[in-house]
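The structure appears below as structure tokens.
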Amino acid sequence: MFNHESPLRGMEFVTRKITTTLAQIACGGQQQLMLGNLDNARDWGFAGDYVEAMWLMLQQETADDYIVASGETHSVREFVILAAAAMGMQIEFEGEGLKARGIDKKTGRQLVSVSEDFYRPSEPDPLVGDASKAHKQLDWRAKLDFEDLVTLMAEHDLARAQGGQVWY
């Protein structure tokens, strides 16, 4: 199983760090999101879709191995841009590597910085899962695409930061 995300993901994971910190920024709390290599990419999918795939595996007469994945990779940078957009911010990046920074085009404020503390320059090439066997044998396909996944997580953490209702 490839990376599977949801609003229930632990805060120690980069996806939740992004959505919770941006939500705090949107609510006037935290000033900046500190990240590592913005170009690191992963095959991210929605945990709910992956649970459905697991359930379908359990319904088979014979146990087998399946790859559960979205089949796409997306960078940390893409995740930040989409999460910010879901919260009404328009982040544009300038610079590369440790000098990269994200500026909100609406306010001109720097919201994202790259820190050497989090930077991993020697990340492996991103792996992309091939879920074709699960597609064929289980008739499984992810229902939530990357943009919808990021929006779901961002909206959830924004509601939490605003003291609103959350679904867990």
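What is the residue count in segment 100-115 for residues that are within 12 Å of Asn37 (Cβ to Cβ) and either aromatic (Phe, Trp, Tyr) or over 21 Å from the mean Cα position of the chain (by Cα) (or both)?
Total satisfying the criteria: 0.
Can you go through Ala53, Ala47, Ala63 and tell me which one is farther than 30 Å from Glu94 by Cα and under 18 Å from the mean Cα position of the chain (by Cα)?
On inspection, the qualifying residue turns out to be Ala47.
Each row is one residue, and each column tells you yes or no for (1) in contact with a His (Cβ under 7 Å, 6 or more places away or on another chain); (2) part of a strand (DSSP E or B); (3) surrounded by fewer than 20 Cβ atoms within 10 Å (Cβ to Cβ); (4) not polar (S, T, N, Q).
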site	(1), (2), (3), (4)
Thr19	no, no, no, no
Ala23	no, no, no, yes
Met34	no, yes, yes, yes
Asn37	no, no, yes, no
Tyr50	yes, no, no, yes
Ala63	no, no, yes, yes
Ile67	no, no, yes, yes
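Since Asp43 meets every condition but one in (1) of a type outside the set (Lys, Arg); (2) farther than 16 Å from Val150 by Cα; (3) touching a strand residue (DSSP E or B) at 6+ places or on another chain (Cβ under 9 Å), which condition does it not meet?
Of the numbered conditions (1) of a type outside the set (Lys, Arg); (2) farther than 16 Å from Val150 by Cα; (3) touching a strand residue (DSSP E or B) at 6+ places or on another chain (Cβ under 9 Å), the odd one out for Asp43 is (2).
If Ser6 meets every condition in (1) buried (at least 20 other Cβ atoms within 10 Å of the Cβ); (2) more than 20 Å from Ala100 (Cα to Cα); (3) at pLDDT 95 or above apart from one, which number is that one?
(3)
Mind counting the residues in segment 110-131 that are closer than 22 Å to Gly71 by Cβ and free of Cβ contacts under 8 Å to residues at least 12 places away in the same chain?
2
Please count how many residues of segment 144-165 are touching a helix residue (DSSP H, G or I) at 6+ places or on another chain (Cβ under 7 Å) and closer than 16 Å to Met1 by Cβ.
1
The values are calculated or read from the model by the stated rules, or taken from the named source; none is laboratory data. Because the structure is predicted, anything quoted here is derived from the model rather than measured. Note: ideal-geometry Cβ built from the backbone for every residue, glycine included; neighbour counts use all protein chains shown.
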